[in-house]
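Asks: This is the structure I want to talk about, given as structure tokens.
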Amino acid sequence: MFPTMNDVLLPSSSCLSPLPRRGEKQNASAIILAGGKSSRMGRPKALLPFDGEPLIVHLVRRLSPLFADIVVVAAPDQELPAVPATVVHDTVAYQGPVGGLYYGLQAARTERCFVTACDAPFLNLPLIAYLLEQITDCDVVVPFWQERLQPLHAVYRRWVVALLQEQLVRQELRPVALYTKVRTREVSPEEIRRFDPEGLSFRTMNTPEEYAAALALWRARRVVCTVELFGVARLKAKVASVPLTLPPGATLRDAFAALAEQIPDLVGSVVTADRQGLTAGYACNVNGTLFTCDPTTPLHSGDSVLILSNDAGG
Amino acid sequence: MYGFHRRLLWVELSSGTASWHELTEARLRAFLGGIGLGTSLLYDCAPPAVDPFAPANPLILASAPLVDTGVTTTAKFAVVTTSPLTGFIADSLSSSLFALALKRTGCDAVIITGAAATPVYLFLTEDRVELREAAHLWGKSAQETAAAIQQEWANAEVRVAAIGQAGENRVRFATLSNEGRHAGRGGIGAVMGAKNLKAVAVSGQRRVQVADPDGVEAFATVLRRKSLGPLTAKYREIGTVANVAVFNRLGVLPTHNFQQSTCEAAEALSGEHLLTTRFSRVHGCASCTIRCERLFRALTGEEQRLEYETLFALGPLCGIADPEVVVRAAHLCDRYGLDTISTGGTIAWAMECAEKGIWPAARTQGIRFGSAEALLSLIPAIATRTGLGALLAEGSRRAAAQLGDEAQRWAMHVKGMELPGYEPRSLKTLALGLAVSARGACHNRSGAYEVDFSGQVDRLRAEPGRGALVAAAEDFAAVLDSLIVCKFLRKCFDNFFEQAADLLGAVTGWSYSAEELRRVGERINTLKKLYNIRRGWQPHDDWLPPRLLSEPLPTGVAQGTRLTATELRGMIQGYYTARGWDAQGFVPEQKRQELGIGNEESLSGVANIWHTRVSVGG
Ligand code: SF4
């Protein structure tokens, strides 16, 4: 019999959404604002341990399957762990979110830029992908949640950087001031609920209590599931099943990425090189009933993800 | 002419004569080769009500345009006749060096009619047809027969397809075997036995030309490369035995004569496990880059090729959990020349009847699920028609008819052919494919299970729309089987009909559109149906065994899943509609005309094109 791997708590990875081209990264940038003061938290938020790694590392990793380009905006002297992203530092400290946005958009390499703060750990990639899709004929896409706009979970066209520069000169440090000057699309709570019923995407951590509560919620909402391997996948992996712990709201994409992380030998042969799907010879089934390779298929705790040959001939 | 020799050899065993005939371009264009050509010749040559064991039942070996062109997985030939198991058409494929040698004899097809007075074998080269005495080969296995014939000619290049004892004894599911492979289903070996024809031996050097060698090579290169990529990894790295564990997990592994669709011993019998414990070597057909065959070793030393269907039928279906027993049982089946699916299916039926007390004689002799002794003793008994084997050699349908109504409830067959290793209740498209298949319960002539596994449908739900999917799958399979290309290469085509039409054009010089090729598939399947109708097919023949329509699945992820008669009827209606047949499943005259088939006047068509007569020695 094949051994079963010990249950390992995996750092979370990625997921994705109703994308036009499933399984491909978006030609878009993610900007993470990491240079906030963290005064109420008492220690730098970007370095808070989260899911087994510093929060900024966690956020970059969660966003990386969706974005071709990631920019982290840090304070002038802020030290950060190594991350696979472009790190830029504010030249003028603490100009608020408009400052961070400005530096981030300046460094972005693509036209569409999603902006988030580094204290919002409950990223919902399907929602983010939806926001990106909405920018077609406007300049800003901003969610409206709990009676206010959410400028730090929004999508901006890169060109608005010029307007932000003017705002900085005028010391107009509230991002919403931008929205009257450009074509802005507000995303309604109903739209948001389709992806994120509780609005966890907008939940931030400003105090040690909020941090502890977020960690507890994260643990409670993790998706604990099993990948079962059959045929060539099993032979290559040398195990028949792999237990995985995935982030809240996980989809098949998270399972593929986490599996690749556990068993690197599968990358390229069974799991695609970008770790977001399966290669051509393999199929996937959830719980023995649903055949699907759609990476956006949601997973729930207790699910089994079967990886098998896509040819049932005998 | 490119791709074909355009020659047919007709051997008449009773009179000891042979004649060559021209194959018309119209026939070859309309039916290609392999299963298609064989079906068209059978339709035109077989007397309407011929008994499968009567001398007049033609046995047809058909080559195909892609054979010997260097395209991977195409070293195959078809055998077509009237099945002694079903009474309808039997069409089977086998492969490897025999297929290449057959084509190099300069014939696209061989029709064998009549029956020899004493055992003979047919020896065929480009310039020689002989019937040779075979009394000394009677009783030998196919492998021993091949070795003896090669020795007789002092030529290891002579390729031999032969029957074993099961064929000699007219076991209704006996195979024709060459190089360890079998034209397995439908009792072709028994038809040969009835003709006193032990073997066909071929040797030839006549290579056929292709119209566009560079074009064919370009296709061959792409397919070769793709055949070594991820799309065929299952076949290259494990073989079909990979199905056992995953089929069990998906609740589609028939167990205990279809009483369950999961098996506790599935992991022990899985290909993944066997590879780590009993693997002997990899093998493959000639001209194949995939090489899907896996040979395993019994503790007693026998080396045995195992396929999923063999593993399922001699393992879970009979309640056998020990791989050692399965390997030995498979070895016996190969040695005697028995179709492993029908052997396992018939024995599993016997086991159930014995356990239920319906067949007291079997019960007294210890026939029961899981009994290695029962399995290993019944196989030789069937092949030699001795003891309980005398009844079982008739197949589950005929055997059950002799035991009465209750026994018939548990006979898992369609049109008399035992079911393959895919549970129909949890694979509804496959269920329809099995019910309507012209050759009986066959998974290969439609491959409809692929629809269920694809995610494009809910495999647990029955819908009339499956009819169109099954018809399309059958037409696809018919073209594959007539070109001939191995099914395990099918995923390497991006757009099968487009690419196959271009490849066929490069081989034959004929221009085909994708649509025309699809039509070829429809024509072949419709002609098979017409053949069956001529043999007395009735709507009730397109149906499934009562168990599948009355019992829900008791175990596994599909537990509780049912298939009702109403659902099946709805799917069958959907299939007839998709095919353009009438509500009863008969083919309307208009459809015959549209496809240019089924004209009864063509019955004498082949006889009219005699060119040469040669005498053959005995
Ligand atoms: S894939 Fe297997 S069955 Fe097909 S031609 Fe190759 S060896 Fe033969």
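The values are calculated or read from the model by the stated rules, or taken from the named source; none is laboratory data. The shown structure was predicted, so the numbers you read here are calculated from the model rather than taken from an experiment. Positions of Cβ are generated from backbone atoms using ideal geometry, with glycine treated the same way; all protein chains shown enter the neighbour counts. Protein only, heavy atoms only, side chains kept; ligands, DNA and RNA dropped before computing areas. Shrake-Rupley method; radii C 1.70, N 1.55, O 1.52, S 1.80 Å.
Asks: Look at the stretch A:287-314 and say how many of its residues are among the hydroxyl-bearing types (Ser, Thr, Tyr) and either more than 7 Å from every other protein chain (Cβ to nearest Cβ) or in contact with an Asp or Glu (Cβ under 6 Å, 6 or more places away or on another chain) (or both).
Replies: 4
Asks: Still on this structure, I have one more. Take B:Glu567 and decide whether it is within 28 Å of B:Gly33 (Cβ to Cβ) and either out of contact with any helix residue (DSSP H, G or I) (no Cβ under 9 Å at 6 or more places or on another chain) or more than 14 Å from chain A (Cβ to nearest Cβ) (or both).
Replies: Here the answer is no, as B:Glu567 does not meet what is asked.
Asks: Which residue is farthest from the ligand (Cβ to nearest atom), if the candidates are limited to the stretch B:245-270 and must be open to solvent by 10 Å² or more (accessible area, probe 1.4 Å) and in contact (Cβ under 8 Å) with a residue 60 or more places away in the chain?
Replies: Selected residue: B:Gln259.
Asks: Restricted to the stretch B:271-301, and to residues that are more than 13 Å from the ligand (Cβ to nearest atom) and among the hydrophobic types (A, V, I, L, M, F, W, C), which residue is nearest to the other protein chains (Cβ to nearest Cβ)?
Replies: Looking at residues that are more than 13 Å from the ligand (Cβ to nearest atom) and among the hydrophobic types (A, V, I, L, M, F, W, C), I get B:Leu275.
Asks: Then there's this: Checking B:Leu228 against (1) surrounded by 24 or more Cβ atoms within 10 Å (Cβ to Cβ); (2) touching a residue at least 12 places away in the same chain (Cβ under 8 Å); (3) more than 30 Å from B:Arg562 (Cβ to Cβ); (4) within 16 Å of the ligand (Cβ to nearest atom), which single condition isn't satisfied?
Replies: Failing condition for B:Leu228: (1).
Asks: Listed residues A:Leu101, A:Leu123, A:Leu127; which is part of a loop (DSSP other than H, G, I, E, B), in contact (Cβ under 8 Å) with a residue 60 or more places away in the chain, not assigned by TED's automatic domain parsing to the domain that holds A:Thr297 and not basic (Lys, Arg)?
Replies: Sole residue among the options that is part of a loop (DSSP other than H, G, I, E, B), in contact (Cβ under 8 Å) with a residue 60 or more places away in the chain, not assigned by TED's automatic domain parsing to the domain that holds A:Thr297 and not basic (Lys, Arg): A:Leu123.
Asks: So, one more: Tell me which of these A:Val57 doesn't satisfy, since it passes every other one: (1) open to solvent by 20 Å² or more (accessible area, probe 1.4 Å); (2) in contact with a strand residue (DSSP E or B) (Cβ under 7 Å, 6 or more places away or on another chain); (3) within 22 Å of A:Gly249 (Cβ to Cβ).
Replies: The number of the failed condition is (2).
Asks: Looking only at helices (runs of 4 or more DSSP H) that lie completely in the stretch B:75-172, which have at least 3 residues being more than 24 Å from B:Ser14 (Cβ to Cβ) and open to solvent by 10 Å² or more (accessible area, probe 1.4 Å)?
Replies: Those helices (runs of 4 or more DSSP H) span B:97-104, B:142-152.
Asks: Name the helices (runs of 4 or more DSSP H) wholly inside the stretch B:378-466 in which the number of residues that are closer than 20 Å to B:Ala558 by Cβ is 2 or more.
Replies: Per the criteria, B:428-436, B:449-454.
Residue by residue, here is whether (1) out of contact with any Ser or Thr (no Cβ under 9 Å at 6 or more places or on another chain); (2) under 28 Å from A:Pro54 (Cα atoms) holds:
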| site | (1), (2) |
| --- | --- |
| A:Cys118 | yes, yes |
| A:Ile128 | no, yes |
| A:Glu133 | no, no |
| A:Val160 | yes, no |
| A:Leu168 | yes, no |
| A:Val187 | yes, no |
| A:Thr204 | yes, yes |
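Asks: Also: Among the residues that make up the stretch B:421-442, is at least one of them at pLDDT below 95 and among the hydrophobic types (A, V, I, L, M, F, W, C)? Talk me through it step by step, then tell me what you get.
Replies: Kept after step one, since they are at pLDDT below 95, are these residues of the stretch B:421-442: B:442.
From what is left, the residues that are among the hydrophobic types (A, V, I, L, M, F, W, C) are B:442.
For the stretch B:421-442, residues at pLDDT below 95 and among the hydrophobic types (A, V, I, L, M, F, W, C): present.
Here's the yes/no breakdown for (1) closer than 17 Å to A:Arg158 by Cα; (2) more than 16 Å from the chain's Cα centre (by Cα):
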{"residue": "A:Gly42", "(1), (2)": "no, yes"}
{"residue": "A:Val57", "(1), (2)": "no, no"}
{"residue": "A:Gly100", "(1), (2)": "yes, yes"}
{"residue": "A:Leu131", "(1), (2)": "yes, no"}
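Asks: Sort out which residues of the stretch B:380-399 are of a type in the set (A, V, I, L, M, F, W, C) and under 13 Å from B:Met351 (Cβ atoms), and write them in order of number.
Replies: If the condition is that a residue be of a type in the set (A, V, I, L, M, F, W, C) and under 13 Å from B:Met351 (Cβ atoms), then B:Leu388, B:Leu392, B:Ala399 are the ones that fit.
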